[in-house]
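The block underneath contains the structure these notes are about, expressed in structure tokens.
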Amino acid sequence: MGSISTEEIRTLALVGHAGSGKTTLAEALLHHAGAIAAPGSVQRGNTVCDFDPLEKTHQHSLYAAVAHFNHGGARVHMIDTPGYPDFLGPAISSLEAVETAVIVVNAQTGVELTTGRMMNWAERRGLCRLLVINKIDAENVDLPKLLGQIQEAFGKECLPINLPAGGGGRVVDCFFNPGGEADFSSVADAHRALIDQVVEVNEAFMARYLEQGDIDAHELHEPFEQALREGHLVPICFVSARTGAGVKELLDVFEHLLPTPAEGNPPQFLKGEGDNAQPFKTEPDPGKHVVAQVFKVSVDPFVGKLGVFRVHQGTVTRDSQLFIGDGRKPFKVSQLLMLRGKETVPVDRALPGDIAAVAKVEEIVYDAVLHDSHDEDHIHLRPIEFPSPIFGLAIEPAKRGDEQRLWEIMQKLAAEDPCLKIEHVHTTNETIVQGLGELHLRVLLEKLSSQYKLEVKTHPPRIAYRETITAKAEGHSRHKKQTGGAGQFGEVFLRIEPLERGKGFEFVDEVRGGAIPNQFIPAVEKGVLQVIEHGAIAGYPLHDVRVIVYDGKSHPVDSKEIAFVAAGRKAFLDAVAKARPIVLEPIVDIQVNVPEANIGDVTGDLSSKRGHVAGTHPLSGGLMSVRGQVPLSELNGYGSRLKSWTGGQGSYSVEFSHYEQVPPNVQQQLVAQHKAPVHED
Ligand SMILES: Nc1nc2c(ncn2[C@@H]2O[C@H](COP(=O)(O)OP(=O)(O)OP(=O)(O)O)[C@@H](O)[C@H]2O)c(=O)[nH]1
Ligand SMILES: [Mg+2]
């Protein structure tokens, strides 16, 4: 790998719905660029990017995989991400490491759930976006209709930069050298639409264009990049990853039209902690201090721990020293690696824009910032709001005595995956793991068994119910205890009111004249927080409530913290009981793909499980897709139900939508099941 400069680097993430062909496309790109001798296939399990044994079993990407290659004068770092909704965590993290999101659309199935979600995530992150319509070789695809569907869904700024020709066997350029004949639509019109769109961002070019009637596309580099960066243009390319049609042209688009690290929008970093944090903009200058962000951590049985990072500023060289966050002790970059799937290539330096890795540095964690100066101790990425993990499972080791080991491994796995949460519930002594869906957790269990040789038992998912209140109310408690020696005394008056959904918890101190001495206010809040955490009626966390403490009484000798904690808790429970408390449950969007003959089973089942059907649409191969909403609690065992209807031909995915009040009979059941924890009085 010769010496290159930052201007020659391109970074992109392949994102989009499961099965749209991202991993296959990565293979075709690597092959056409000369990085691999022959393209592998997902079916044969020999692709560069789906190298994990579990990915081969499931025939879906489960993790983000990085592969670099050279094309023309460019070094491209490409990240192949999973499209299955359960594995969106790594796809979203990858967006922080690149300038461009390449959203792959399956020509057979059109705009799907993840297509839209990734368009939005990429836009929110400020990325340049490129739409790639894949599988143009397939039977029964209606590409003109799909183009219309895309523009309707994502706007008129989505414009083809090439068009299929020769019956989908190749593509013709519409930007630099418009001239050929396309299978549909007009190359000249597509060219004009692109130029029109690009010059709109630059007045000087616009004036020239109006005057001359045309502008050579080669002169438009800067406004083109600006239009990409501002989301004013989302070019569309056509390819077949299978036949290779359009792949060479796509590589040329990467080289000539995708932004360099200096032309994209860097991710938003913050410098400092808490409220004092200030936005910090990295500059892709190789001479500045190093700022690199770890967007993936993996544990490989052979290589050990691998921390994969994107350099945003400065140059990382082999044998240099890097700090991790605000850690005092640097580590030595004894081996600097670039990746191609599981293959690692040692390199001497990584420039701004490069994606590289270091092995066996135990302190490296997901999302860490690596840097080479204490000036950068407090730089971190602005936190990303990942989808909430709502699918829960209680797990315990099959063998007694493995509890500690299970907990440690789970912690390690949760640290690698931002959408996996683990929790130890003391009351039941259970380890609860929460992920984005059934498959997410199933893969986790498979990994425990295959990689860590740890067998576990599981219980049905615990649903993440919530409690909240629906009315204002007053609460009061006088906590008084006389036990031989010193007594306890504290009295609290408070008001509570519902907050808008999602607002969480607010605590307001309106006590005047020291009725509750200042030093005891935190104790009152502590008592209230105990109820917030453990719930008031059914044992689930209480959300969206404002608590205003406005009066109380204290005793010069007997008032102590413990008394106000108890009084705060009881006053709050008293208020909640009068504030019409309700239980909320998670509702999910569900998409079920089944053979046409099973549509009735799916829709009938959804209706009988308190769900509703939003619509159905045909997929290729005699399959139909049903979309709807249903309470998560009703999906227990859905996988096996689906299997029994369809003989294993169905698949489904869910995604959290919102919280809704449970019906009264369900609330009664939940309240009855909950044995109120005994509080000392
Ligand atoms: N006909 C046709 N099939 C393709 C093409 N590209 C991919 N496929 C097939 O589509 C299926 C899914 O391909 P993948 O590459 O695994 O799709 P993916 O987008 O990586 O899927 P996830 O990893 O689950 O997100 C495989 O059976 C591929 O062989 C194409 O250009 N034409
Ligand atoms: Mg894949």
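For every residue, the table says whether it meets (1) among the polar types (S, T, N, Q); (2) within 18 Å of the chain's Cα centre (by Cα); (3) modelled with pLDDT of 90 or more.
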residue: Asp377; (1), (2), (3): no, no, no
residue: Ser388; (1), (2), (3): yes, yes, no
residue: Leu393; (1), (2), (3): no, no, no
residue: Leu406; (1), (2), (3): no, no, yes
residue: Met410; (1), (2), (3): no, no, yes
residue: Val425; (1), (2), (3): no, no, no
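Give the residues of the stretch 60-79 that are closer than 20 Å to Ile36 by Cα, within 11 Å of ligand 2 (Cβ to nearest atom) and not hydrophobic (A, V, I, L, M, F, W, C), sorted by residue number. Answer for the stretch 60-79, where residues must be closer than 20 Å to Ile36 by Cα, within 11 Å of ligand 2 (Cβ to nearest atom) and not hydrophobic (A, V, I, L, M, F, W, C): just Ser61. Of the residues making up the stretch 181-192, those that are surrounded by 18 or more Cβ atoms within 10 Å (Cβ to Cβ) and without any contact (Cβ under 8 Å) to a residue 40 or more places away in the chain are Ala182, Val187, Ala190, His191. Pull up the stretch 525-548, narrow it to residues that are assigned to a helix (DSSP H, G or I) and of a type in the set (D, E, K, R), then point me to the one that is surrounded by the fewest Cβ atoms within 10 Å (Cβ to Cβ). So, considering only residues that are assigned to a helix (DSSP H, G or I) and of a type in the set (D, E, K, R), the one surrounded by the fewest Cβ atoms within 10 Å (Cβ to Cβ) is Glu533. Taking Ile582 as the residue in question, decide whether it is in contact (Cβ under 8 Å) with a residue 12 or more places away in the chain and in a helix (DSSP H, G or I). For Ile582, the condition - in contact (Cβ under 8 Å) with a residue 12 or more places away in the chain and in a helix (DSSP H, G or I) - is not met.
Considering only residues in the stretch 9-53 that are at positive phi and within 26 Å of the chain's Cα centre (by Cα), the one that is surrounded by the fewest Cβ atoms within 10 Å (Cβ to Cβ) turns out to be Gly45. Residues that are in a strand (DSSP E or B), of a type outside the set (Ser, Thr, Tyr) and over 12 Å from Gln649 (Cβ atoms) within the stretch 590-617 comprise Ile590, Gln591, His612, Val613, Ala614, Gly615, His617, listed in sequence order. The residues on offer are Thr100, Thr24, Thr57, Thr115, and the sole one that is more than 10 Å from ligand 2 (Cβ to nearest atom), polar (S, T, N, Q) and more than 26 Å from Phe386 (Cα to Cα) is Thr57. Each residue in the stretch 285-303 was checked for being under 25 Å from the mean Cα position of the chain (by Cα) and either assigned to a loop (DSSP other than H, G, I, E, B) or not polar (S, T, N, Q) (or both), and 8 of them qualify.
Of all residues in the stretch 549-564, those satisfying the criterion of being buried (at least 23 other Cβ atoms within 10 Å of the Cβ) and in contact with a helix residue (DSSP H, G or I) (Cβ under 6 Å, 6 or more places away or on another chain) are Val549, Phe564. For the stretch 56-67, give me each residue that is away from ligand 1 (no atom under 13 Å from the Cβ) and surrounded by fewer than 23 Cβ atoms within 10 Å (Cβ to Cβ). Scanning the stretch 56-67 gives no hits. Exactly one condition in (1) over 27 Å from the mean Cα position of the chain (by Cα); (2) assigned to a strand (DSSP E or B); (3) closer than 30 Å to Gln278 by Cα is not met by Phe309; state its number. It is condition (1) that Phe309 fails. Applying the condition of being outside any strand (DSSP E or B) and within 11 Å of ligand 1 (Cβ to nearest atom) to the stretch 70-89 and asking which residue is nearest to the chain's Cα centre (by Cα) yields Leu88. Among all residues of the stretch 514-524, there is at least one that is assigned to a loop (DSSP other than H, G, I, E, B), crowded, with 21+ Cβ neighbours inside 10 Å and either at pLDDT 95 or above or in contact with a Gly (Cβ under 9 Å, 6 or more places away or on another chain) (or both).
Filtering the stretch 38-55 to residues that are more than 7 Å from ligand 1 (Cβ to nearest atom) and of a type in the set (Gly, Ala, Ser) leaves Ala38, Gly40, Gly45. Considering the stretch 102-130, the residues that are within 14 Å of ligand 1 (Cβ to nearest atom) and of a type in the set (A, V, I, L, M) include one that is nearest to the chain's Cα centre (by Cα), namely Met118. Checked against the criterion of being more than 39 Å from the chain's Cα centre (by Cα), buried (at least 17 other Cβ atoms within 10 Å of the Cβ) and either among the small types (Gly, Ala, Ser) or under 30 Å from Gly628 (Cα atoms) (or both), the stretch 573-590 has no qualifying residue. Could you check, for the stretch 307-318, whether at least one of its residues is of a type in the set (Phe, Trp, Tyr) and either in contact with a Lys or Arg (Cβ under 6 Å, 6 or more places away or on another chain) or at pLDDT 95 or above (or both)? Yes, some residue in the stretch 307-318 is of a type in the set (Phe, Trp, Tyr) and either in contact with a Lys or Arg (Cβ under 6 Å, 6 or more places away or on another chain) or at pLDDT 95 or above (or both).
Please report, ordered by residue number, the strands (runs of 3 or more DSSP E) entirely within the stretch 146-216 with at least 1 residues that are farther than 17 Å from His232 by Cα. Please lay out each step first, then the result.
Values: elements: 158-160, 162-165, 170-173.
Answer list for the stretch 146-216: 162-165, 170-173.
Summed over the stretch 46-69, the residues that are part of a helix (DSSP H, G or I) and in contact with a Leu (Cβ under 7 Å, 6 or more places away or on another chain) give a count of 2.
Condition check: touching a strand residue (DSSP E or B) at 6+ places or on another chain (Cβ under 6 Å), away from ligand 1 (no atom under 16 Å from the Cβ) and of a type in the set (D, E, K, R). Does Glu152 satisfy that?
Numbers: touching a strand residue (DSSP E or B) at 6+ places or on another chain (Cβ under 6 Å): no; away from ligand 1 (no atom under 16 Å from the Cβ): yes; of a type in the set (D, E, K, R): yes.
No.
Only one of the listed residues (Thr115, Thr57, Thr109) is closer than 19 Å to Thr243 by Cα, among the β-branched types (Val, Ile, Thr) and out of contact with any Pro (no Cβ under 8 Å at 6 or more places or on another chain). That residue is Thr109.
Within the stretch 93-115, residues that are closer than 13 Å to Gly21 by Cα and assigned to a loop (DSSP other than H, G, I, E, B) reach partners that are modelled with pLDDT under 90 and not hydrophobic (A, V, I, L, M, F, W, C) with beta carbons closer than 8 Å, at six or more positions or on different chains, in the pairs Gln108/Asn140; Gln108/Ser620; Thr109/Ser620.
Tallying residues that are within 12 Å of ligand 2 (Cβ to nearest atom) and either surrounded by fewer than 22 Cβ atoms within 10 Å (Cβ to Cβ) or not acidic (Asp, Glu) (or both) within the stretch 80-92 yields 7. Of all residues in the stretch 1-37, exactly one satisfies the criterion of being within 8 Å of ligand 1 (Cβ to nearest atom) and more than 17 Å from Thr47 (Cβ to Cβ), namely His17. Hey, could you check the stretch 31-54 for residues that are among the β-branched types (Val, Ile, Thr) and within 14 Å of ligand 2 (Cβ to nearest atom) and say which is farthest from Gly21 (Cα to Cα)? Looking at residues that are among the β-branched types (Val, Ile, Thr) and within 14 Å of ligand 2 (Cβ to nearest atom), I get Val48. Consider the stretch 327-385 and keep the residues that are surrounded by 15 or more Cβ atoms within 10 Å (Cβ to Cβ) and among the hydroxyl-bearing types (Ser, Thr, Tyr). The one that is nearest to Gly45 (Cα to Cα) is Thr344.
What strands (runs of 3 or more DSSP E) completely inside the stretch 335-425 contain at least 1 residues that are of a type in the set (Asp, Glu)? Steps first, answer last, please.
Working: elements: 337-340, 343-346, 355-359, 369-371, 379-381, 391-397, 421-425.
Per the criteria, 343-346, 391-397, 421-425.
The values are calculated or read from the model by the stated rules, or taken from the named source; none is laboratory data. Predicted model only: the values in this text are computed from it and were never measured. Cβ sites come from the backbone with ideal geometry, for glycine too, and all protein chains shown count toward neighbours.
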